[in-house]
Amino acid sequence: MNLFVTDIDSDYQSLINNKDFTTVNFPIEKAVKIYGSSYDRLRGKNKLKLEIENIIGFKDDHLNSCEAIENFLVYTYYLLKTNNKLVVFTAGLSFASIDHYIKIMEIIVPRLGNRTLHVVKHFTDINESQLTDLYIHIPTIDKEIIFDFMKKWLVGFKPKEVYFSHPQYFGKTEFETDDYFEMLSFILSEPNREYDFYFKNKNHPQYRKGMILIHKNSTYLGIGVNKNDEKDLIDQLTKGYHKTPIIRNWLQVPY
């Protein structure tokens with residue numbers, strides 16, 4: 001089977017530079033973009049979904065989820081029908097969605113003849129299911145508070161994504177960039193702009209994930225903490241922001 005899975009920390013640059021490969025979802029000009037208007041303009045989506053389900057042999061609700069996984073499954077299947085070699089970057093998919101995407105493609109790729117698919121997993125170095133998410137809710141959008149949070153809690157963290165588009169994942173693209181700070185500045189420059197920013201630091205001793213969620217003109221500042229450090233960090237956040245943090249398990253939103 002010609003399906004290969006590569007971690008984000010591995011060397012995959014040669015795949016991107018290889019002219020025989022169609023590059024998908026990477027933050028470079030030549031790459032085919034899955035999000036935004038590209039998927040919206042794709043014709044015959046329902047027919048493509050039926051073809052996928054006929055190949056895999058069962059009904060997959062992810063194909064009609066209106067979430068990022070739907071875009072990935074349908075659009076890359078469409079590309080595989082007309083391109084022999086793809087290298088796909090999984091920015092925008094959750095940990096669970098990446099696993100599901102690979103599971104489905106393991107069935108599809110062998111059925112399409114001489115096809116090769118390289119999947120670059122973008123955050124497999126952190127198993128988020130083992131973390132507890134702690135959020136401080138700020139009922140306004142205050143740049144000073146956000147930047148202070150970044151300075152105090154996210155030093156040494158890197159953005160989880162490498163490509164940013166607004167609206168996030170869906171809708172007609174208004175603004176896109178490969179610089180998270182540029183996107184953050186864009187979001188903060190006007191009201192009623194929503195966006196979720198995620199950060200990672202796999203070597204941080206107490207927490208490995210950071211979150212800045214802009215939702216309904218309010219802000220959720222968060223960290224994903226190790227179980228053993230949960231109480232200590234709840235105390236630190238409570239002391240620093242004079243309110244008890246919202247506690248959420250993996251994949252649960254704080255609002």
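Bear in mind that the values in this text are calculations on the coordinates, not laboratory data. The model shown is predicted, which means the values in this text are computed figures rather than measured ones. Note that each Cβ is placed from the backbone with ideal geometry, even for glycine, and that neighbours are counted across all protein chains shown.
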(message) Let me spell out the model: positive unit charges on the Cβ of Lys and Arg, negative unit charges on the Cβ of Asp and Glu, origin at the Cα centre of the stretch 129-248. What dipole size does that give, in debye rounded to 20?
(response) 460 debye
(request) Round to a whole angstrom and tell me the spacing of the C-alpha centers of the stretch 37-94 and the stretch 235-249. (result) 40 Å
(request) Give me the distance in nm between label points sitting 7 Å out from Cα along the Cα-to-Cβ direction at GLU144 and ASN54, one decimal. (result) 6.3 nm
(request) Assign unit charges at the C-beta atoms only (+1 for Lys and Arg, -1 for Asp and Glu), then state the dipole size of the chain relative to its Cα centre in Debye, rounded to the nearest 20. (result) 460 debye
(request) Rank SER165, ILE141, VAL155 by how far each Cα sits towards the positive end of the charge dipole of the stretch 130-170 (+1 on Lys, Arg Cβ; -1 on Asp, Glu Cβ) and give me just the farthest. (result) VAL155
(request) Of the options PRO27, LEU221, PHE58, report the single residue whose Cα projects farthest towards the positive end of the charge dipole of the chain (beta-carbon charges: Lys, Arg +1; Asp, Glu -1). (result) PHE58
(request) Using +1 at the Cβ of each Lys and Arg and -1 at the Cβ of each Asp and Glu in the stretch 3-121, identify which of TYR39, ALA91, ILE104 lies farthest towards the dipole's positive end. (result) TYR39
(message) Give the residue list of trypsin sites (Lys or Arg not before Pro) in the stretch 145-190 that are DSSP loop and have at most 14 other beta-carbon atoms within 10 angstrom.
(response) LYS172
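Note down, for the stretch 104-196, the three equivalent ellipsoid semi-axes (square root of 5 times each alpha carbon gyration tensor eigenvalue), biggest first, whole angstrom.
33, 19, 12
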(request) Based solely on C-alpha atoms, express the radius of gyration and the Dmax of the stretch 57-124 in angstrom. (result) 11.4, 30
(request) On each of the three principal axes of the Cα atoms of the stretch 129-248, give max minus min coordinate, whole Å, ordered largest first. (result) 43, 28, 23
(request) May I ask for the percentage of alpha-carbon pairs in the chain that lie more than 32 Å from each other? (result) 27 percent
